[in-house]
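Chemist: Have a look at this one.
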Amino acid sequence: MSRRPRVRVDLLNVSLDGYAAGSTVTFDEPIGGASELFGTFDGRVIAGVHTADAPITADRTFTSVWGQGVGVEIMGRGKFGPQRGPWPADGWRGWWGDEPPFRTPVVVLTHHAHEPITFDNGTSFHFVDADAAGALDHATELADGGDIRIGGGPSTVRQFLESDLVDFMHLAIVPVVLGGGTSLWAGLGNIHERFDIESVATPNGVVHQFWNRHGRSGE
């Protein structure tokens, strides 16, 4: 039997009070003022940088799962950039410079047309005006059999949760209280009842939660 691609959320940092980003994304504040969520985050594994002197910790081990088996990402417009309305002719190619960490096609949800953008490392951005189900159909065509990652921000993840399209989530619950921002859970009361949830705490206070949707094994 062929494997069904999983729709998954990898390594989404969430505060103790349920916020996964700030309120407004700007050029100076890509996470909308919620930088505390990444105070102890070490993304060298995600970036493909492996240093011999870095200890192999629990947090780095969990981080290394990011990207494994993923064939395409879906992200909201705010994760790609801070612009609003029709796209300006400013040459913006995302926050990540000439080597975005994705190395796969990426579907960017937007109501405004934009030509695809491609990079030499295999990353390509495709701009799509669609709801969650429509975006998933488009992403499946680009995934080449790999998993489909819902990359954020939290409003985009919440959209896919509302449509019951998420098979797996890895949440990193960070020991900070933001007091406001963009909530992951707004309007999703009792969402936990759909999932089997495992939790692992690490010495720096982060709790890694692994949510697997009931009855969806990916096989």
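No lab work stands behind these numbers, since they all come straight from the coordinates. Keep in mind that this is a model prediction, so the values were computed, not measured. Ideal geometry is used to build each Cβ from the backbone, glycine not excepted, and the neighbour counts take in all protein chains shown.
Chemist: Hey, for a label at W95 modelled as a point 7 Å past Cα toward Cβ, could you say which residues of the stretch 127-153 have their backbone N under 13 Å away?
Modeler: The answer is 151-153.
Chemist: Nothing charged except the Cβ atoms of Lys and Arg (+1) and of Asp and Glu (-1): what's the magnitude of the dipole of the chain about its Cα centre? Round to the nearest 20 debye.
Modeler: On the way: 16 positive and 27 negative charges, 48 e Å.
Taking the Cα centre of the chain as origin, the dipole is about 240 debye.
Chemist: The stretch 53-104: which chymotrypsin sites (Phe, Trp or Tyr not before Pro) are DSSP loop and have at most 16 other beta-carbon atoms within 10 angstrom? Intermediate results must be reported in sequence, preceding the final value.
Modeler: Values: sites: F62, W66, F80, W92, W95, W96, F102; in loops: W66, W92, W95, W96, F102.
Here the sparse-neighbourhood loop sites are W66, W92, W95, W96.
Chemist: Once amide H atoms are built 1.01 Å from N in the peptide plane, which residues 5 or more positions from V70, or in another chain, come under 5 Å H to H?
Modeler: Sorted by chain and number, the residues that satisfy this are D147.
Chemist: Go ahead and run the numbers for FRET between E162 and L16, Cβ-Cβ distance against an R0 of 30 Å, rounding to 0.05. Provide the component values of the computation, followed by the final result.
Modeler: Values: r = 23 Å, r/R0 = 0.76.
It comes to 0.85.
Chemist: Express the relative contact order of the chain as a whole percentage, based on alpha carbon pairs under 8 Å and six or more residues apart in sequence. The partial results should precede the final answer.
Modeler: Numbers: 410 pairs, mean separation 67.7, N = 219.
Reported as a whole number, the value is 31 percent.
Chemist: Let me ask something additional. Can you give the translational diffusion coefficient of the stretch 93-219 in µm²/s, computed by Stokes-Einstein from the Kirkwood radius over Cα pairs at 25 °C and 0.890 mPa s? Provide the component values of the computation, followed by the final result.
Modeler: On the way: Rh = 16.6 Å.
This corresponds to a translational diffusion coefficient of 148 µm²/s.
Chemist: Cβ neighbours within 10 Å, averaged per peptide: list 196-204, 169-177 in order, most packed at the top. Working shown, then result.
Modeler: Numbers: 196-204: 11.4, 169-177: 18.9.
My ranking of the peptides, most packed first, is 169-177, 196-204.
Chemist: Given the options A34, A135, A113, which has the most mean-square fluctuation in a GNM of the chain, springs set between C-alpha atoms less than 10 angstrom apart?
Modeler: The residue that fluctuates most here is A113.
Chemist: Along its three principal axes, how long is the chain when you only count alpha carbons? Whole Å, largest extent first please.
Modeler: Taking max minus min along each principal axis of the Cα atoms, the chain gives 46, 45, 41 Å.
Chemist: Still on this structure: Could you calculate the contour length gain from T202 to A54, that is, 0.36 nm times the residue separation minus the distance between their Cα atoms, to one decimal place in nm?
Modeler: Working: separation 148, 0.36 × 148 = 53.28 nm, distance 1.67 nm.
Gain on stretching T202 to A54: 51.6 nm.
Chemist: Which of G22, N190, I56 sits closest to the plus end of the dipole of the chain, meaning its Cα is farthest towards the positive end, when Lys and Arg get +1 and Asp and Glu get -1 on the C-beta?
Modeler: The residue sitting most towards the positive pole is N190.
Chemist: Return a whole-number percent for the relative contact order of the stretch 81-173, with Cα pairs under 8 Å and 6 or more residues apart as the contact set. Can you show the working numbers first?
Modeler: Details: 92 pairs, mean separation 18.5, N = 93.
In percent, rounded to a whole number, it is 20.
Chemist: Here is a follow-up. Could you run the Karplus curve 6.51 cos²θ - 1.76 cosθ + 1.60 with θ = phi - 60° over the stretch 75-86 and give me ³J(HN,Hα) per residue in whole Hz, x for Gly and Pro?
Modeler: 9, x, 4, x, 6, 6, x, x, 5, 10, x, x
Chemist: Using +1 on the beta carbon of Lys and Arg, -1 on that of Asp and Glu, and nothing else charged, what's the dipole of the stretch 65-144 about the Cα centre, debye to 20?
Modeler: Numbers: 5 positive and 11 negative charges, 60 e Å.
Dipole size: approximately 280 debye.
Chemist: Rounded to the nearest 5, what is the percent of antiparallel bridges among the DSSP beta bridges in the chain? Walk me through the numbers before you get to the answer.
Modeler: Details: 17 of 39 bridges.
Close to 45 percent.
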